[in-house]
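Since the structure comes first, as structure tokens, the remarks are kept for the end.
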Amino acid sequence: MAEYRAAQAHTDAGAPAPTPDRASGRLRAAAALAVLAALLLATVVGCAGHGGGDERVTIRFMQNKREVIDYFDEVIARFERENPDIHVVQDNNEAGFVPSLVRGSPPDVTTRGWAFASADIAKKDVFEDLSDLQAARLIDPRVQALVDEWGRHEQGATVALPFSLTAAGVIYNKDLFEQHGVEVPTTWSEFVAACENFKAAGVTPIYGTYKEPWTVAQGVFDYATGGVTDITDFFSAFEAGGSNPGPGAATFANTFAAALPVMDYLRTSVQPNAPSRGYPEGNVAFANGEAAMYLQGPWALTELAKANPDVRVGTFPLPVTDNPDDRRVRVNVDMAVSIPKGAAHPREARRFVEFLFRGDVINAYNADNAAFSTLADAPPQTDERIAELDPYVDAGRYYQGANTYLSPSTQALGHVQSYALDGDGPALLATLDEEWQRIARRNDYREIN
């Protein structure tokens, strides 16, 4: 019947009808050619899929630090060689993270600096629990506690794994210290003596950059308050008190008052034009020897080297009491890794996160970027510019800056800048109390309504 239909088709088309035997042979030949073509096509597609990545799962890695794009490109290349079934695309548009949540298309893996803003997002239950990962068991519990300080998910989930810890103190010019016979101070009295020594020699003790409020909060405010107060305990008690803390409760005024003499001395031990100088000017001036000390973190080190490749600097923790054992350093969780809920490829994302926390990856990143690894068995930081802080980080003698606990709604940075300009410390603390209570009352109102 098949041969007949083939012959009839040719006849209907007006062509001479083949015989049944000839038609059958042509059909067999056509079928063989079709099979061969299919095999060739499958081979080509298979080769294209293997060589061009068509068969790989693509995950998006949203990374928040533009200065390390090249570094993570190399990390991604290593990961892809070891995991040929996964392709990683690096995305540095951090501003697009929240919109991606709204659209329901979040990145598969994200990094963020972890403080008030990140914790506020996390409390909205947008991140996966990572506590079951091997990486979570490798992290120093004291460092993980810095993330958890900002509030954990209701079920106690681990929503972010700290990847990089930056430690900040007093950056000092080693040449100026040596030229004037000044030793690195270990107590507040020694620090004041060092400043007075520099003043007598015509050297500005501290370079101030009061034009930018965050620099005042980073140094003068955070260093002084963190040195005299247990910041974690203070804010835990403060949050628990809400808008009705009751008599005798901790306040900025009655807790941070002990830091005001330190703040006042730091504020006034700067060059006369500090109110008109910002961070860029400060980096250039300090790098060129215009002051002996600089209240900045390790993010400034690269800028100092750009301004003066020959500058020799170190960093020590600011002592604010006369007990050397009280010295601690200010830290930031500079980068924490999360997997958003709703990520397209959560299993592949977890494999990538496990890779990021491998010792040869995470330790190398922090060694190269003047930061500290978050692993419990991390090697010491040997960069001479920050090596003096390593014993404090290793011992867990650190605190997160007080200004990072404050909602942007408090306009805390502006208030701290005003203090740097007018020197009214009691007014600063009273204003912070008022701002805190205002926000607490607003939050209470929202919960009731």
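Checking each residue in segment 269-316 for being surrounded by 15 or more Cβ atoms within 10 Å (Cβ to Cβ), touching a residue at least 40 places away in the same chain (Cβ under 8 Å) and part of a helix (DSSP H, G or I) picks out Ala274, Tyr279, Glu281, Gly282, Ala285, Phe286, Pro298, Trp299, Ala300, Leu301, Leu304.
Sort out which residues of segment 335-352 are among the small types (Gly, Ala, Ser) and surrounded by fewer than 18 Cβ atoms within 10 Å (Cβ to Cβ), and write them in order of number. It would help to see each step written out before you state the result.
Initial filter on segment 335-352 (among the small types (Gly, Ala, Ser)): 336, 338, 342-344, 349.
Gly342, Ala344 - these are the residues of segment 335-352 that are among the small types (Gly, Ala, Ser) and surrounded by fewer than 18 Cβ atoms within 10 Å (Cβ to Cβ).
The C-beta contact set for segment 227-242 (first residue over 16 Å from Val262 (Cα atoms), second residue aromatic (Phe, Trp, Tyr) and in a helix (DSSP H, G or I), distance under 8 angstrom, 6+ apart or interchain) comprises Ile231/Tyr405; Phe235/Tyr405; Phe238/Trp436.
A quick yes/no check of all residues on (1) of a type in the set (A, V, I, L, M); (2) touching a strand residue (DSSP E or B) at 6+ places or on another chain (Cβ under 9 Å); (3) surrounded by 20 or more Cβ atoms within 10 Å (Cβ to Cβ):
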| residue | (1), (2), (3) |
| --- | --- |
| Glu178 | no, no, no |
| Glu183 | no, no, no |
| Glu196 | no, no, no |
| Thr204 | no, yes, yes |
| Ile231 | yes, yes, yes |
| Glu239 | no, no, no |
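Quick check: is even one residue across segment 353-376 under 23 Å from Asn254 (Cβ atoms) and surrounded by 19 or more Cβ atoms within 10 Å (Cβ to Cβ)? Checked against the condition, which is being under 23 Å from Asn254 (Cβ atoms) and surrounded by 19 or more Cβ atoms within 10 Å (Cβ to Cβ), segment 353-376 yields no hits at all. Contact map, segment 401-426: residues that are open to solvent by 40 Å² or more (accessible area, probe 1.4 Å) paired with residues that are hydrophobic (A, V, I, L, M, F, W, C), Cβ distance under 6 Å, separation 6+ or inter-chain. Pairs shown: Ser409/Ile439; Leu413/Trp214; Leu413/Ala217; His415/Leu428; Gln417/Val216.
For (1) polar (S, T, N, Q); (2) on the phi < 0 side of the Ramachandran plot, each residue gets a yes or a no:
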| residue | (1), (2) |
| --- | --- |
| Gln90 | yes, yes |
| Phe97 | no, yes |
| Ser100 | yes, yes |
| Gly104 | no, no |
| Ala119 | no, yes |
| Asp129 | no, yes |
| Ala157 | no, yes |
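Residue-level analysis places Arg328 among those that are within 21 Å of Gly401 (Cα to Cα) and either open to solvent by less than 60 Å² (accessible area, probe 1.4 Å) or at pLDDT 95 or above (or both).
The values are calculated or read from the model by the stated rules, or taken from the named source; none is laboratory data. Computed from a prediction, not measured in an experiment: that's the story for all the values here. Heads up, the Cβs are rebuilt from the backbone with ideal geometry, glycines too, and the neighbour counts pull from every protein chain shown. Surface areas here come from the heavy atoms of the whole protein model, side chains and all, with no ligands, DNA or RNA. Shrake-Rupley method; radii C 1.70, N 1.55, O 1.52, S 1.80 Å.
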